[in-house]
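Please read the structure below before turning to the comments.
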Amino acid sequence: EADIYQTPRYLVIGTGKKITLECSQTMGHDKMYWYQQDPGMELHLIHYSYGVNSTEKGDLSSESTVSRIRTEHFPLTLESARPSHTSQYLCASKGMNTEAFFGQGTRLTVV
Amino acid sequence: AQSVTQLDSQVPVFEEAPVELRCNYSSSVSVYLFWYVQYPNQGLQLLLKYLSGSTLVKGINGFEAEFNKSQTSFHLRKPSVHISDTAEYFCAVSDRTGGYQKVTFGTGTKLQVIP
C-alpha cells in the first residue's frame, strides 16, 4: 500500500491568503511531483524534484512554489491565492523503475 | 520529449460487455507504461504497468493491457465490465533513463458503464 499523504484534503480560502499544501511520503523515494487537475480534466505537471534541494518547474506554468528540504516532504506554496488557483492538486512520488504513487489530492477553492 | 494520446475522451459501454480504452505514446527513448484509474474526488490508483518482459500485462480488477512497440500503443482491455468500473482512466509514460523520469499522462478516458 502506498504511503503518501496530502493535507488538507479540502481547503476553502479567501483571495490573497498564503497557503501551503503538504505532501509527505514514507517510501524513501527520490522523485516527487505535483500535478494540477481541474475537475474531469487531464493532469498537468507543475513541479517536480529529483531529490533534496532539487526542484524544477513542470510543463504547466504555475504561480506556486515548492521546496524539498527533506526527502520525505515536498510542500507546495501559493503566496497569494486567487480564484484562478481553484483546482485539485495531486502529489506523487516515484522510486527508480517503479510506478508513481499518488496521494489522495487536495481540492482547493479560492473565493 | 514524450507524449501520450488517448483519443477517446468518453467511452459508454453496457454492463458485462467488453471494453478497450486506447492509448498511443511517443518517445525518443525506451519507456515504462502505466494505466491508472481515478474515482471521483480521489487520487490515482495504479491498474497495471509494463516495465519489461511479456508484452501482455495483467492488472487489478480484471484489466489487462498489451504493449505493442511497433504501433507504440498500450491499449487497456477488460472482457466484461461492471458498474463499479465507471471511472476515469489515464495512460502514462515514463522514460527509462536516469534523471527526473517525468511521468507524462494522457488526457484521460471517462468510462461510463450503463446498467
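Roughly how many nanometres apart are two label points built 7 Å out from the Cα toward the Cβ at B:ALA1 and B:ASN41?
Modelled inter-label distance: 3.8 nm.
Within chain A, what is the longest stretch that has no trypsin sites (Lys or Arg not before Pro) placed in a DSSP loop and near at most 14 other beta-carbon atoms within 10 Å? Provide the component values of the computation, followed by the final result.
Details: sites that count: A:ARG9, A:LYS17, A:LYS18.
The longest such stretch corresponds to A:19-111.
Tell me the label-point distance for the pair A:THR86, A:GLU56, using the 7 Å Cα-to-Cβ offset, in nm and rounded to one decimal.
Once both label points are built, they end up 3.3 nm from each other.
Amide H neighbours of A:GLN104 under 5 Å, at least 5 residues apart or on other chains, H built in the peptide plane: list them.
Residues meeting the amide H criterion: A:GLN6.
Name the most mobile residue of A:THR98, A:THR65, A:THR86, meaning the one with the largest mean-square fluctuation, in a Gaussian network model of chain A with Cα contacts below 10 Å.
Most flexible of the set in this elastic network: A:THR98.
Be a star and scan region A:81-111 for residues whose amide nitrogen sits under 17 Å from the point 7 Å along the Cα-to-Cβ vector of A:GLU63.
Within reach of a label on A:GLU63, which here means backbone N under 17 Å from a point 7 Å along Cα→Cβ, region A:81-111 contributes A:81-89, A:108-111.
Among the chymotrypsin sites (Phe, Trp or Tyr not before Pro) in region A:20-111, which ones are in a DSSP loop with at most 14 other Cβ atoms within 10 Å of the Cβ? Mind listing them? The partial results should precede the final answer.
Details: sites: A:TYR33, A:TRP34, A:TYR35, A:TYR48, A:TYR50, A:TYR89, A:PHE101, A:PHE102; in loops: none.
Hits after loop and neighbour filter: nothing returned.
In Å², what does the accessible area per residue of chain A work out to with a 1.4 Å probe?
On the way: 5130 Å² over 111 residues.
Computed with neighbouring chains in place, this is 46 Å² per residue.
Could you please state how large a percent of the accessible area of region B:1-74 is carbon and sulfur, counting protein chains only and using a 1.4 Å probe?
On the way: 1870 of 3860 Å².
Percent of accessible area from carbon and sulfur atoms in region B:1-74: 49.
As an exercise, identify the GluC sites (Glu not before Pro) in region B:1-91 lying in DSSP coil whose Cβ has no more than 14 other Cβ atoms within 10 Å.
On the way: sites: B:GLU15, B:GLU16, B:GLU20, B:GLU64, B:GLU66, B:GLU88; in loops: B:GLU15, B:GLU16.
The qualifying sites are B:GLU15, B:GLU16.
Cα-based Rg (one decimal) and Dmax (whole number) for the protein assembly as shown, in Å?
17.5, 52
Would you mind checking the radius of gyration and Dmax of region B:1-62 based on alpha-carbon positions, in Å?
Both quantities, over Cα of region B:1-62: 13.5, 39 Å.
Longest segment of chain A with no GluC sites (Glu not before Pro) in a DSSP loop having at most 14 other Cβ atoms within 10 Å?
Numbers: sites that count: A:GLU1, A:GLU63, A:GLU79.
The answer is A:2-62.
When only alpha-carbon atoms count, how far does chain A stretch along each of its three principal axes, as whole angstroms with the largest first?
40, 28, 24
At 0.36 nm per residue, and after removing the present C-alpha to C-alpha distance, how many nm does the segment from A:ASP38 to A:THR7 gain when stretched out fully? Intermediate results must be reported in sequence, preceding the final value.
Details: separation 31, 0.36 × 31 = 11.16 nm, distance 1.81 nm.
Here the segment from A:ASP38 to A:THR7 would lengthen by 9.4 nm.
Express the accessible area of chain B per residue in Å², computed with a 1.4 Å probe while the remaining protein chains stay in the model. Please report the intermediate quantities before stating the final value.
Working: 5300 Å² over 115 residues.
That works out to 46 Å² for each residue.
In peptide A:99-111, what is the residue-averaged number of other protein chain Cβ atoms found within 10 Å of each Cβ? Mind dumping the intermediate values first?
On the way: counts 14, 11, 4, 7, 2, 4, 5, 1, 1, 0, 0, 0, 0.
Neighbouring Cβ atoms belonging to other protein chains average 4 per residue here.
Kindly provide log₁₀ I(q)/I(0) values, in the same order as q = 0.18 Å⁻¹, from the Debye equation applied to equal alpha-carbon scatterers of region A:37-97.
Log10 I(q)/I(0), no solvent term: -0.70.
At a probe radius of 1.4 Å, figure out the B/A buried accessible area, summed over both chains, and give it in Å² to the nearest 100.
Working: alone 6410 and 6200 Å², together 10430 Å².
Summing both sides, the interface buries roughly 2200 Å².
Computing the accessible area with a 1.4 Å probe over protein heavy atoms, can you report the carbon and sulfur percentage for chain A? Mind dumping the intermediate values first?
Numbers: 2650 of 5130 Å².
Whole-percent figure for carbon plus sulfur exposure: 52.
For chain B, give me the percentage of DSSP beta bridges that are antiparallel, rounded to the nearest 5 percent.
90
Take the alpha carbon gyration tensor of chain B, find the square roots of its eigenvalues, order them as a ≥ b ≥ c, and report rounded if a/c is under 1.5; if not, report prolate when a/b exceeds b/c, else oblate. Each step should come with its number before you reach the end.
On the way: a/c = 1.98, a/b = 1.69, b/c = 1.18.
Note, shape of chain B comes out prolate.
The values are calculated or read from the model by the stated rules, or taken from the named source; none is laboratory data. The structure displayed is predicted, hence computed values, not measured ones. Counting neighbours? That spans all protein chains shown, and the Cβs are built from the backbone with ideal geometry, glycine included. Ligands, DNA and RNA are excluded from the accessible area calculation, which covers all protein heavy atoms including side chains. Shrake-Rupley method; radii C 1.70, N 1.55, O 1.52, S 1.80 Å.
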